[in-house]
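Have a look at the structure below before the remarks.
Readers should treat all values here as calculations from the given coordinates under stated rules, not as data from a laboratory. Please read all numbers here as calculations on a predicted model, not as lab measurements. Here the Cβ positions follow ideal geometry from the backbone for every residue, glycine too, while neighbour counts run over all protein chains shown.
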Amino acid sequence: MTFNNWDLLLLLIIPVISIITGLFLKRGKALFFSSAQYSKKKHRDKYFIFLIPLILIIFILLLAKPGYSWQEKRQERLTLDLMICFDVSGSMEATDFAPNRLESAKGVVSEFIERMSGNRMGLILFSGFAFTQSPLTFDSELLRVMLSEVETGMVRIGGTAIGDALGVAINRLEKSGSSKERVIVLLTDGESNKGAPPKRVAEIAAKENIRIYTIGMGTIEGYVFTQKDMFGITHKSVSKLNEKLLKEVAGSTGGVYFRGNDEKGLKDAYRRIELLEKKKVAIVTKKVFYPKYRLLTLFLFFLMIFDLLILNYRELLRL
């Protein structure tokens, strides 16, 4: 048992003094009364020496809010601010995934967004440059709809600007002003050949305590594919992964690199990221107080009834 307002217990000095004065002073005079006020009979005086101070003691205890208190600890999964960087370069039209890399990746990432609902998520698209398709939002359904509308022609400048994509994502996370865990998940099927150096951008992310997970889609050997330029002329190109770069970018921020050389591997990569982040929990300590008034209140009620009976017992006998 404890009390929520310990300082009020100092008031107990008053009834204690009353009991002492009632016991040791002549004629049973106490702090709150003279026994003669109640009765000329000494055996009744003894009741009042203790009864009124006892009522006051219980009243003070109730004011001090008695109850039980303890520290409650529980685990809470940390929510995230998560930016998804999605490669929409021309190489995403390669057909080594069914029906092609872009559509396969959209399906996998859409499932990932659905499973990660409850976190704030945003979407960055990049090719030769990067832009924000969706800022951070709790609306996972809206984000999935926006992802479903993504096409390779949305970015007219060719190339793969991994550093720019990471830079835009970092900027979005910094502007959020949130103290939550901040994560970037980057999917690409090529090597960085445009924009800011990814390693330099990753260093900035590390300083800001932002983790970067990288996923390489495709193969190191490369895949030959054909695509049309803005003039309708068909060209042959080769898409190769730079796994060393992606590993360094992820590793420097506390993240992990994953290989997605087929649709199953791609799904496994996103599931592993999901599990890594869902395992991150915080121990929340909260002080819990449960008041206990009933027993003391009931005791006080009976004492006051008893007090009234003693004061008026002659009148009651006449009835």
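May I ask for log10 I(q)/I(0) of segment 79-279 at q = 0.09, 0.11 Å⁻¹, from a Debye sum over the Cα atoms as equal point scatterers with solvent left out? Each listed q corresponds, in turn, to -0.29, -0.43.
If packing is taken as the mean number of other Cβ atoms within 10 Å per residue, what is the order of 184-195, 128-139, highest first?
Numbers: 184-195: 23.2, 128-139: 16.6.
Sorting 184-195, 128-139 by mean packing, highest first, produces 184-195, 128-139.
Add +1 for every Lys or Arg and -1 for every Asp or Glu among the other residues with Cβ under 13 Å from the Cβ of Lys244, and state the total. Residues near Lys244 contribute +1 overall. Stretching the chain fully between Arg272 and Leu8 yields a gain of 89.4 nm (0.36 nm per residue, less the alpha carbon separation).
Modelled this way, with points 7 Å down the Cα-to-C-beta line, the labels at Ser110 and Lys65 are 5.3 nm from one another.
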